[in-house]
Amino acid sequence: MSSFVSLGIVLLSGLILASLQAPLASFLLLYHSSFGKNIKKKTKSLASSYVSGVAVMVFLLLATSVFLISALSFSGSLSLVSLVVLFGVLLALSLLSLCFYYKFGRSTELWLPRKVSKFISSRARATSDNSEAFALGMFVTFCDLLFSFPLFILSANAILSLSSPYQVLALAGFTILSCLPLVILRLAIRKGKNLADVQRWRLKNKNFFRFFSGLGFLVLAVFLFAFLVIGDKI
């Protein structure tokens, strides 16, 4: 597998991870709760800590995936059987993200179990210092693991095929891309957008994100099959 294909897989996986909405939805909850309790400077500090928590968890999950694949596989990469299984999982996630990631109706409610959603809401309302905001960002990222775990595994496998300098760049690029919606939200609010505007935008574009993630998983599955499964046989 060429470096170009490997980097393409990593960057596409990062974009798909960015399209998953649990961290962004929780970020909005944190902003909404914080605006009523803290001065603007404190709210900015909490928001920065939350984004840092998301970024650190994404980086740790990807780095852990890289370590596990390199340590547990004889060739330093996933076996052909593992790749075929991952291909099937990505196809299934393409359908699941289209049908189940967002709950139906005129809302942006996500697939998360009700108890988990209530816990996140309660923690967002109770968050008052940077360490709590950081922990909330890490927790929410972990909650989306049902959909994001294959992205970490496939990206880790692609990263292992790169040379050392590019491996670092790929890790950083994946992390930055996955956090891009949070950074954009911060900039939008700083430039005068209010939370109601952002929520209306999310509702209006819900189907776009639904189809983007579904199509993204499908394209990633095709990439995997074409360049890793068939390519390995050739």
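The values are calculated or read from the model by the stated rules, or taken from the named source; none is laboratory data. Keep in mind it's a predicted model, so treat the numbers as computed, not measured. Cβ atoms come from the backbone with ideal geometry, glycine included; neighbour counts cover every protein chain shown. When the accessible area is computed, the model is the full protein with side chains, heavy atoms only, and any ligands, DNA or RNA have been set aside. Shrake-Rupley method; radii C 1.70, N 1.55, O 1.52, S 1.80 Å.
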- prompt: Among the residues of the range 1-16, is any closer than 29 Å to residue 219 by Cβ, in a loop (DSSP other than H, G, I, E, B) and modelled with pLDDT under 90?
  reply: yes
- prompt: If only one of 229, 222 is surrounded by 12 or more Cβ atoms within 10 Å (Cβ to Cβ), within 30 Å of residue 88 (Cβ to Cβ) and without any contact (Cβ under 8 Å) to a residue 12 or more places away in the chain, which one is it?
  reply: 222
task: Could you tell me whether residue 192 is in contact (Cβ under 8 Å) with a residue 12 or more places away in the chain, open to solvent by less than 80 Å² (accessible area, probe 1.4 Å) and of a type in the set (Gly, Ala, Ser)?
output: no
- line: The one condition residue 118 fails out of (1) crowded, with 16+ Cβ neighbours inside 10 Å; (2) under 21 Å from the mean Cα position of the chain (by Cα) is (1)
- request: Return yes or no: is residue 134 among the aromatic types (Phe, Trp, Tyr) and touching a Phe, Trp or Tyr at 6+ places or on another chain (Cβ under 8 Å)?
  value: yes
field: Per-region count, the range 112-131, residues touching a residue at least 24 places away in the same chain (Cβ under 8 Å) and under 23 Å from residue 148 (Cα atoms)
entry: 5
message: Given the condition of a type in the set (Lys, Arg), closer than 23 Å to residue 56 by Cα and open to solvent by 30 Å² or more (accessible area, probe 1.4 Å), answer yes or no: does some residue in the range 166-186 qualify?
response: yes
query: Of 81, 66, 56, 51, which residue is farther than 20 Å from residue 177 by Cβ, in a helix (DSSP H, G or I), of a type in the set (Val, Ile, Thr) and open to solvent by 10 Å² or more (accessible area, probe 1.4 Å)?
result: 81
